[in-house]
Amino acid sequence: MHVLFDEAGKFLAGRILSEAEASAQVELDSGKRVKVKSANQLLRFDKPAPGELLTQAAALAAEVELPLAWEFAPEDEFGFAELAAEYFGGTPGVLEQAAMLQALHEAPHYFRRAGKGRFRKAPADIVAQALAAIEKKKQVTAQIKAWAEELAAGQCPAPIREQLYRILFRPDKNAPEYKAVVEASRAAQLAPLALLRRAGAIESAYQFHWQRFLFENFPKGTGFPSLQAPAITEELPLAEVQAYSIDDSSTTEIDDALSLQGLGSGTVVLGIHIAAPGLAIQPGDALDAVGRARLSTVYMPGCKITMLPDEVVDAYTLSEGRPVPAVSLYVTLDEITLAIQGSETRLERVPIAANLRHDQLDHLITTDWLDAPPVEGGDEASAALPIGRDQLGFLYRLAQQLKAQREQVRGRPETFTRPDYSFRLTGQEGQLPTGDEQVQITTRQRGAPLDLIVSELMILANSTWGQWLANLGVPAIYRSQASLLPGIKVRMGARPLPHAGLGVPSYAWSTSPLRRYVDLVNQWQIIAAARHGPAAALAAPFKPKDAQLFAVISAFDAAYSAYNAHQASMERYWTLRYLRQHGIGELTASLVKEQSGGAWLVRADELPLMFTVMGAQALPRGTRVRVKLGAIDDIALDVHGTVTEVLGADIAAAAPADDEDEDDTPEAGPIAIAVDVNEADAAGGADNPAS
């Protein structure tokens, strides 16, 4: 005797070996023996053989007309044998009963299960909805197949082109557009990016990266609403100083300027003057909403997206030839020892004598020039400068001492082994590059006099103001680093904690309010402190443990990381373009980190480029090698190489360095997409490299 039974929703059949009161021992055709409860035994028969019955029943079940069976089914609950009798007529045999059982089981849109072998017909409206859904699914499946065939043939369907960036980076993995890309990639045996590029979905590598960034960060575009810069109505005193800014020639958001008073008197007053949009823009107003939505200016070669509208920036920027509102930090110093004797914050108008551009002056203002005695009759640098050599010399001497003091606190000197790289595009006609311009990559050694002056005095301002606000009990947004141990990152928070990387007791970004929202928030707090002194905590816009302050920190962290990553990606794009434009097929590089499979991550010696090479097994970190480059992929931002020659050890590269600055800017690498062609089903999966 044989039995057909239900095993966890699957129908099996086998030979009964023995029976007990509530179960039976059954042997399957495979030889496996199972214990089957009586409640799961649905049909007993002596022939045909179990395996033959299942095969024949499956074939007959496929022929059952489900709409007709549904019409024949009783309104009340029924068993499969009852419906088999109605449908096939007469007394149904074992085969007909088994076929009806399988047909009912596989048609939940027509019949609802009511127990083992028991069913109830679904209501007519439910059946109609289910059939419509099944038909829709068939149509979607057919559409996926058609789109996949088009993609594999080198044509991109319009719906996929329109959803390109969503498919690649934020996909709904159940969407037909996504599934079509996955199916086409499998069929064509191409990576998704290569497939889409071949199909014409990606026409320009530059536009691909630009539109991807906009999709993820500016889905509504980069334009501003029509807003006017509010006037500063407060009567501000005019400072009796002449201030100078130091920036790159392309800088329009001039946030900071410097002044000196009292040289030669024994006591010098250093002025650090910061643009003051916080005197006009107020928390909660329309411009604040714009700044809070963007959180920072976005920089990239040949283009930038400002945090505030150009008209607003122009109203508050420290442009030369006029007195401008500023939040000024005055630091009193002993002229000989450079010891700080006190500091004071003022709200005032500051005359800006000149905007110095370091890219035009770095070759003139050198350490040797500053250390050398003045030349009788002047020299080229002195003639070109609106600021005196004595002022620059004092500022440079002060910057060197401030740096030395910080290094003493850090416990070790700051070491910067790599230069800063600057990108300039020639032939750019519009505000946005096309991606085909010629690119010039130049270097600027970190620690050049003008660079050191600006960086050290901004650190002084940010740390002084941060500590001042903490002493007054006024909340602010701080950057801190617990130690210099590997893996300890810079964090943002509302507590005035030490910044080990900089060697200061607290550090609050406050010197770039035109281009960083955190600095604008801190400026509001500083303005309140300047106006109200010890009572500032009551008058400041943000109070202790203010939820809005923590919301700003969280949003800024995410946005700033995304913006830095995009800047790094676009610099990598232009570096790869530089390789193409100059026909560079070989580079010298230093080994940075060993990876799986014997590959090494290397850093090019003379370009801002990190990439993977093979052939460096068993070599130590820091070894300099000559690398032959492989194919360049502008879409994936990828290039690989092979080591052709070992040049020797690079001690500087092997030692830890401080080139990872306190902004913690990421190194760009090959982009990752969210399309996984290896998924068993297109409904889940992790990010995959674009290659």
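The values are calculated or read from the model by the stated rules, or taken from the named source; none is laboratory data. Fair warning: this is a prediction, and the values are worked out from it, not measured in the lab. Glycine also receives a Cβ, built like all others from the backbone with ideal geometry; neighbour counts cover every protein chain displayed. Areas reflect the complete protein model, heavy atoms only, side chains present, ligands, DNA and RNA absent. Shrake-Rupley method; radii C 1.70, N 1.55, O 1.52, S 1.80 Å.
Structure summary
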| item | result |
| --- | --- |
| Nearest 10 degrees, 0 to 90: helix 449-472 Cα axis against the chain principal axis | 80 |
| Cut-off of 10 Å, at most 12 other beta carbons, DSSP loop: longest stretch of the chain lacking such trypsin sites (Lys or Arg not before Pro) | 221-488 |
| Dipole magnitude (debye, nearest 20) for region 237-326, charges at Cβ of Lys, Arg, Asp, Glu | 140 |
| Qualifying GluC sites (Glu not before Pro) in region 385-450, DSSP loop, other Cβ atoms within 10 Å at most 13 | 429 |
| Extreme residue, positive dipole direction of the chain, given options 370, 509, 9 (C-beta unit charges) | 9 |
| Extreme residue, positive dipole direction of region 602-645, given options 604, 629, 616 (C-beta unit charges) | 616 |
| Region 552-622 shape via C-alpha gyration tensor axes, a/c threshold 1.5 | oblate |
| Neighbour cut-off at most 15 other Cβ (10 Å), DSSP loop, GluC sites (Glu not before Pro), region 20-126 | 21, 63, 65, 75, 77, 106 |
| Pairs beyond 27 Å (Cα-Cα), from 145/173; 220/304; 37/138; 403/489 | 37/138 |
| Debye, to nearest 20: dipole size of region 412-546, +1 on Lys, Arg Cβ, -1 on Asp, Glu Cβ | 580 |
| Semi-axis lengths, Å, region 5-51, gyration tensor of Cα atoms, sqrt of 5 times eigenvalues | 15, 12, 11 |
| Relative contact order of region 497-558, defined on C-alpha pairs under 8 angstrom at six or more residues apart (%) | 19 |
| Solvent-accessible area per residue for the chain (1.4 angstrom probe, square angstrom) | 47 |
| Which of 459, 431, 483, positive extreme of dipole for region 416-572 (C-beta unit charges) | 483 |
| Magnitude of the charge dipole, the chain, Cβ model with Lys/Arg +1 and Asp/Glu -1, debye to 20 | 1660 |
